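Take a look at the structure set out below.
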Amino acid sequence: MNSGNRGKIKVADITLAHLSRGLYRSNATVFKELINNAYDADATVVRIDTNYPHFNFISCVDNGVGMTEEKFFTHFDENGIGSSVKRKGNTDCTPIHNRPIIGRLGIGMMAIGQLCHSFKIESHYQNLDGVSSAFRATVILTDDDIEDEEDIIRKDNFSGKEIDVGEWEFEAIEFDPNKKGLRVYSSDIRGTFRREMKESLTLDGFKKLPFNIEEIAKNYFYKSKSIRDCKPYLETIWELSSLCPLPYSDNDLSPLNFHKNSDLISDNDEVFEFLKERNELLESYKFEVFFDGVSLKRSIKLPTEKDVKPRIYFFNFDKNIFEKRLKFTGYLFVQIPKAIKPYELKGLQVRLRNVGIGGYDPSFLRYSRRIETIRSQWVSGEVFVDEGLETALNIDRDSFNEHEEHFKAMQRYLHDLLDEIFDEARKAAIELNDVDHDLKNEATNQKIIELVESGSKGKLSLVLDSLNTDRTIISDPSISKVVLNLNTTPIGKSRKKGNEAFRLSMLAFEIAKRMALTEEERESLFENFLKNFIKETI
Amino acid sequence: MSGLVDWSKYYGKQFARLYGWLPASKDFKKKYKIKKIKYLTLCDVTALDIFMLESEGILIRDKDKFLQDVIICEKNESSIPAIFEAVKPPLKEAIIEGKIEKLLLFEDDNDTKDVDIYTDVKSKKIREKLRLKENAIQLKEHFPFDIINFDPFGNIYRRQSELFRGFQKIFEFQRSKQQFLLFLTSSVEIGDCALLFEEDFRKNIVDYEEIRILVESDSNLRNYNTLHDTVKASIGISKTIINKLAIQYKWQSFHHGIYVYQNAHGRFQISSVVEFTQNSSLEEDWYLKDVVNILKNMPKTITFEEAENNQLIKDSLEFIEDYRSKIQKEFI
């Protein structure tokens with residue numbers, strides 16, 4: 001090749017072939033693509049069904065505008081998957097509900113190919129002028145005469161062009177106004193999906209799942225350390241309710257009600273106004289998603305633990321980065337000093353055009369300035385990106401190119417903020433720990449006193465007289481009470497327990513020794529005291 | 001003309017539901033003191049039969065509002081989501097995909113025998129067979145039922161057809177029940193029907209004195225050729241198909257009614273409501289009694305216009321739709 005040559009970089013068709021073979025991280029991200037399509041088509045309702053508990057049928061039905069025949073042919077025949085650009089010209093919002101359009105390339109529908117070998121599309125299209133048409137098509141991705149992608153790549157004459165990833169059949173049908181919208185469905189489901197979903201059936205109570213996202217959230221999600229414990233079916237519901245462009249739940253599963261928590265410390269009350277407005281905006285889009293009959297809502301319960309100090313931080317960023325506007329707003333919620341449960345709510349959820357990207361990121365966009373293993377578990381937040389960052393979005397719409405400038409700018413800003421938040425959290429935790437430690441000591445001492453009083457059968461005063469020299473026990477004659485010296489700093493949990501056990505043994509021994517008249521009685525009293533102390537205290 | 005059915009205005013079918021299916025179901029539940037009726041239906045997406053039976057207390061939801069004992073067979077994949085949506089809450093194990101006759105007739109072959117149903121086979125044809133197998137097993141596991149609403153697309157009276165052979169299987173699969181109620185609905189192709197049943201009818205007259213007397217005393221029955229084709233067909237379905245199958249599979253039948261109605265396109269449909277009991281305590285003359293019962297009292301016929309002008313039918317359909325909306329709203 002001559003030096004100085006120049007050329008355009010092209011993408012081989014085989015690259016796009018991957019789209020039908022599995023691009024998505026989870027079942028939910030597959031369904032999310034179908035839901036996003038319905039959202040972009042101005043549907044008000046989209047229903048996904050999996051024929052639970054058999055999982056042998058999947059359908060996604062929406063009542064949007066549907067798909068034109070032309071679009072089908074463009075997509076499947078002429079230009080290929082990913083050619084139906086959704087945001088031509090200045091079109092950035094949907095015509096009916098004015099929703100910011102999510103899709104860009106038009107590859108979402110093929111997502112279902114990850115869960116099935118073939119699927120059907122039925123469209124009853126009607127535009128705002130009343131023009132209508134309808135068709136039904138079958139798309140087959142796996143069959144005897146369809147070559148596997150791996151086999152194609154390994155062929156000697158493989159050029160990367162003209163890749164057939166499947167077959168389709170098209171049939172024009174009569175338009176039915178009752179079916180207006182798009183239906184994507186399949187009963188040719190991959191065994192892997194079915195097996196995985198079937199695993200969920202082993203979960204206690206699964207067969208009587210409530211059809212209400214709030215109840216599911218309270219009974220399963222927020223009772224688990226990790227959503228993984230809820231098994232794949234509920235995991236899918238969690239992810240979908242978290243990722244879809246939906247309003248929050250109405251009750252205590254909503255950040256809108258954070259302010260009702262009297263202990264909440266807020267750096268800026270604008271956060272509540274922002275959340276309210278954002279929720280109203282999402283409600284104005286009039287979009288509902290049902291998954292096997294469950295109406296999905298974003299269900300965020302914070303704080304997740306009792307006896308914590310909750311704090312909320314508001315942020316708002318709006319700048320031009322490399323001549324392109326980057327605008328994002330959001331909040332970070334901290335519960336000091338306990339980890340957020342479930343695990344999947346920890347971290348930062350980036351929402352681009354209100355759609356969650358990749359779930360909550362527990363690394364906070366790879367925060368690595370300091371080791372914050374403990375404190376990072378106290379934080380959960382959402383970032384709403386309304387402008388910019390889209391070029392950083394990878395093709396799976398589930399992750400970012402982390403070297404893109406908008407991503408970098410957002411990362412820097414949030415990491416600066418996190419530096420402050422972690423500092424404040426650390427100080428607050430220390431204060432809380434001191435108070436907490438004193439309170440705990442007091443409570444333990446009181447318990448010991450009660451036990452000694454009940455165990456000494458009225459001979460406490462005799463015991464007290466002879467105890468005041470013991471290092472383990474401090475007696476205070478002014479209040480006629482015996483208290484346990486707990487001033488030893490524990491090292492580790494087991495060490496702490498060990499120390500306590502030792503002290504309690506000593507206490508039991510000393511009391512028994514002073515109360516008993518005989519050796520036999522001393523042994524018996526010692527045993528009783530020890531049993532009581534260990535049972536009640538440790 | 002549009003081929004789509006507007007179920008909310010299909011009053012002819014409501015005629016069969018209201019005067020046939022509903023009273024027979026009530027009687028059946030009461031007579032046999034059945035607390036929870038197990039119901040198999042091939043209902044359309046509106047599921048009107050389910051909501052009618054539920055609204056009248058025949059089908060019961062459990063404390064969690066699940067209609068546990070209802071199984072729906074649906075041949076059309078694209079209708080399944082709509083049925084899910086209609087019958088609230090989404091029923092566990094309720095909707096079985098596939099043509100009823102194919103499900104009932106399924107038998108293993110080399111492609112399906114000893115193959116794990118979750119296997120991702122490359123051949124679409126084999127995957128379809130495996131899917132049919134799985135659905136067929138599911139359906140079979142749900143047998144027996146108390147009430148079967150066999151309302152397939154097509155007609156039942158061609159003995160070599162898959163639909164007929166599938167229908168036959170019901171009598172085998174119901175073996176462990178002492179009694180069950182059947183609603184059998186079929187479209188009618190007049191010419192075929194008339195030919196098919198005439199011979200049987202004439203043989204009855206020769207074989208049974210009571211039938212001969214009945215026919216001679218009835219001016220309508222006396223001259224077979226003057227009978228309306230729908231009457232011939234409806235009586236024929238009951239006598240030649242249902243009663244003969246009952247004999248073959250050792251059941252005894254009793255017809256509660258035969259209902260003939262017209263759809264918007266003028267085509268006639270027949271819906272027979274029949275109670276079957278095991279004939280271990282066989283009444284020897286049950287066949288004769290039922291044939292006489294059929295000839296004397298059946299069918300009841302309604303034209304499209306008559307049904308459309310019948311206020312009782314319209315009100316009852318509206319009532320079911322309101323009830324359905326109420327139930328559906330509870331699950332939003």
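Readers should treat all values here as calculations from the given coordinates under stated rules, not as data from a laboratory. Please read all numbers here as calculations on a predicted model, not as lab measurements. Cβ placement follows ideal geometry from the backbone for every residue including glycine, while neighbour counts extend to all protein chains displayed.
For the residues B:SER25, A:SER399, what sequence is obtained by ranking on other C-beta atoms within 10 Å, fewest first? It would help to have the intermediate numbers written out before the result.
Values: B:SER25 26, A:SER399 14.
Going from least to most buried by this count: A:SER399, B:SER25.
Just checking the output field for A:282-294: average partner chain Cβ neighbours within 10 Å of each residue's Cβ?
Values: counts 0, 0, 0, 0, 0, 0, 1, 0, 5, 1, 4, 8, 3.
Mean shielding by partner chains, rounded to a whole number: 2.
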Return B:MET298, B:MET52 ranked ascending by Cβ neighbour count within 10 Å, so the fewest neighbours appear first.
B:MET298, B:MET52
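Kindly give the semi-axes, whole Å and largest first, of the ellipsoid equivalent to region B:142-262, taking each as the square root of 5 times a Cα gyration tensor eigenvalue. Write down the numbers at each step before the final one.
Working: eigenvalues 136, 58, 32 Å².
So the three semi-axes of region B:142-262 are 26, 17, 13 Å.
At a Förster radius of 30 Å, what calculated FRET efficiency corresponds to the Cβ-Cβ distance of A:GLU323 and A:ASP419, to the nearest 0.05? Show your work: numbers first, answer last.
Working: r = 28 Å, r/R0 = 0.93.
Rounded to the nearest 0.05, the efficiency is 0.60.
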Could you state the number of Å between the C-alpha centres of region B:156-171 and region A:350-418?
63 Å
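Please arrange A:HIS124, A:HIS54 by counting, for each residue, the other beta carbons lying within 10 Å of its beta carbon, fewest first.
Details: A:HIS124 24, A:HIS54 19.
Result, fewest neighbours first: A:HIS54, A:HIS124.
Give, rounded to the nearest 20 debye, the magnitude of the charge dipole that region B:123-223 has about its Cα centre when Lys and Arg contribute +1 at Cβ and Asp and Glu contribute -1 at Cβ. Intermediate results must be reported in sequence, preceding the final value.
Working: 17 positive and 17 negative charges, 197 e Å.
The calculated dipole for region B:123-223 is roughly 940 debye.
Shielding of B:127-134 by partners, i.e. mean partner chain Cβ atoms within 10 Å per residue? Each step should come with its number before you reach the end.
Working: counts 10, 3, 0, 2, 5, 0, 0, 3.
Neighbouring Cβ atoms belonging to other protein chains average 3 per residue here.
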Just order B:16-22, B:261-267 by mean Cβ neighbour count inside 10 Å, highest at the front, would you?
B:16-22, B:261-267
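Output the relative contact order of region B:113-187, whole-number percent, from Cα pairs under 8 angstrom with separation of 6+ residues. The partial results should precede the final answer.
Details: 55 pairs, mean separation 28.0, N = 75.
Here the relative contact order equals 37 percent.
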Modelled label-to-label distance, A:GLU169 and B:LEU288, 7 Å Cα→beta-carbon offset: nm?
5.5 nm
How crowded by other chains is B:72-83, given as the mean number of beta carbons from other chains within 10 Å of each beta carbon?
4
Range of Cα positions in region B:5-73 per principal axis (Å), largest first
34, 26, 19
Evaluate the Debye formula for chain B with equal point scatterers sitting on the alpha carbons, no solvent, and hand back log10 of I(q)/I(0) at q = 0.08, 0.11, 0.12 Å⁻¹, in q order, two decimals.
-0.39, -0.74, -0.88
Could you sort out which of B:LYS75/B:LYS125; B:LYS33/B:LYS63; A:LYS286/A:LYS324; A:LYS231/A:LYS301; B:LYS13/B:LYS296; A:LYS198/B:LYS329 sit more than 25 Å apart by Cα distance in this structure?
A:LYS286/A:LYS324; A:LYS198/B:LYS329
